[in-house]
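J.: Structure below; questions to follow.
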Amino acid sequence: MKRLFSLFNVVTLLLLAAAYMAYQTVQKPPAKPDAPKLQLAQQRDVKVKVYYSDAQVQNMKAETRTVIVTQENPGALAQAALNVWASGPSAAGNLAVVPKGTAAPRVYIRGAHYFVDLPSAYQNLKYGSSGERILLCTMTRTLLETRGEDVTFLVNGQDVDTLGHLDLREAFTRQDCADQ
């Protein structure tokens, strides 16, 4: 009669158990990693000069506003300034340049040049030429207040020839938007 617990049978049984345990380990879903702990960057209050229109839509009026930024680099400051610009003035007598709720344009910087990407809603504002000039010049003056040479306007990331009545083929400078 053959022995049930021979050396071969015991080793085979142990190998079979090890293979089953390895199979179970491989089939188990991986453990979910812990989410990284987010560290909030330190926020700073920075004062920026933002331009709006007067009630007659003829001249620009400046307001000093406080914006909160996490990075004090030119790109972050420029975007924060345009976000405040789009939200409208806080001082009485100043007129918002875009309707309430209109999205702020995105701003990009390359060297000393600003590129402002206007949402397509800005093409449908139906302002006259003086309103369009105030629209573009208030943004230009806001961005060029502390640094930069000029501002090029795009619509939905594309070069366009005009915005209503105004030519956008050339960049706007401080001299193009001097007070009257």
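The values are calculated or read from the model by the stated rules, or taken from the named source; none is laboratory data. None of these values were measured; they are calculated from a predicted model. Cβ: placed from backbone, ideal geometry, glycine included. Neighbour counts: every protein chain shown. Calculation scope for accessible area: heavy atoms of the full protein, side chains included, ligands and nucleic acids excluded. Shrake-Rupley method; radii C 1.70, N 1.55, O 1.52, S 1.80 Å.
J.: Tell me the angle of helix 74-87 to the major Cα principal axis of the chain, expressed in degrees between 0 and 90 and rounded to the nearest ten.
T.: 70
J.: Separate question: Let me know the shape class of the range 7-74, please: from the alpha-carbon gyration tensor, a ≥ b ≥ c as square roots of the eigenvalues, rounded when a/c is under 1.5, otherwise prolate if a/b is greater than b/c, or oblate.
T.: Verdict is prolate for the range 7-74.
J.: For the chain, what % of the accessible area comes from carbon and sulfur atoms, probe 1.4 Å?
T.: 56
J.: Once you order the gyration tensor axes a ≥ b ≥ c over the Cα atoms, which shape class does the range 77-180 get: rounded for a/c under 1.5, otherwise prolate or oblate by comparing a/b with b/c?
T.: Verdict is rounded for the range 77-180.
J.: Round to the nearest 10 and give me the degree value, 0 to 90, for the angle of helix 129-143's Cα axis relative to the longest principal axis of the chain.
T.: Value to nearest ten degrees: 60.
J.: Same structure again: Filter the trypsin sites (Lys or Arg not before Pro) in the range 7-101 down to the DSSP loop ones having no more than 10 other Cβ atoms within 10 Å, then list what survives.
T.: Sites meeting the loop and neighbour criteria: 37, 100.
J.: At a threshold of 8 angstrom on Cα-Cα distance, excluding pairs fewer than six apart, so keeping six or more, what relative contact order does the range 34-154 reach in percent?
T.: This gives 25 percent for the range 34-154.
J.: Counting Lys and Arg as +1 and Asp and Glu as -1, what is the net charge of the other residues whose Cβ lies under 13 Å from the Cβ of residue 72?
T.: Neighbour charge sum, excluding residue 72 itself: +2.
J.: Students often get this wrong, so try it: which of (i) 49; (ii) 45; (iii) 35 is percent of Cα pairs over 26 Å apart as calculated from the structure shown?
T.: (ii)
J.: Okay, moving on. What stretch of the chain, leaving out the sites themselves, is the longest with no GluC sites (Glu not before Pro) in a DSSP loop having at most 13 other Cβ atoms within 10 Å?
T.: 73-148
J.: Roughly how many debye, to the nearest 20, is the charge dipole of the range 71-165 about its Cα centre, given +1 on each Lys and Arg Cβ, -1 on each Asp and Glu Cβ, and no other charges?
T.: Here the range 71-165 has a charge dipole of around 260 debye.
J.: Go through the range 2-14 residue by residue and turn each phi into a ³J(HN,Hα) via Karplus (6.51, -1.76, 1.60, θ = phi - 60°); whole Hz please, and just put x for glycine and proline.
T.: Coupling constants for the range 2-14: 8, 7, 6, 9, 6, 4, 4, 5, 5, 5, 5, 5, 5 Hz.
J.: Could you tell me the accessible area of residue 109 in Å² (1.4 Å probe, neighbours in place), rounded to the nearest ten?
T.: 60
J.: Which of the three applies to the range 65-126, rounded, prolate or oblate, going by the alpha-carbon gyration tensor with a ≥ b ≥ c and a/c under 1.5 meaning rounded?
T.: oblate
J.: Here is a follow-up. Over the range 83-180, with the other protein chains present, what is the accessible area per residue in square angstrom, probe 1.4 angstrom?
T.: Result: 53 Å² of accessible area for each residue.
J.: Next question. Just how many pairs of Lys in the chain have C-alpha atoms closer than 21 Å, counting pairs that are eight or more places apart or on different chains?
T.: Eligible lysine pairs with Cα atoms under 21 Å apart amount to 5.
J.: I've got another one for you. For the chain, what is the charge dipole size about the Cα centre, in debye to the nearest 20, if Lys and Arg each add +1 at the Cβ and Asp and Glu each add -1 at the Cβ?
T.: Here the chain has a charge dipole of around 1340 debye.
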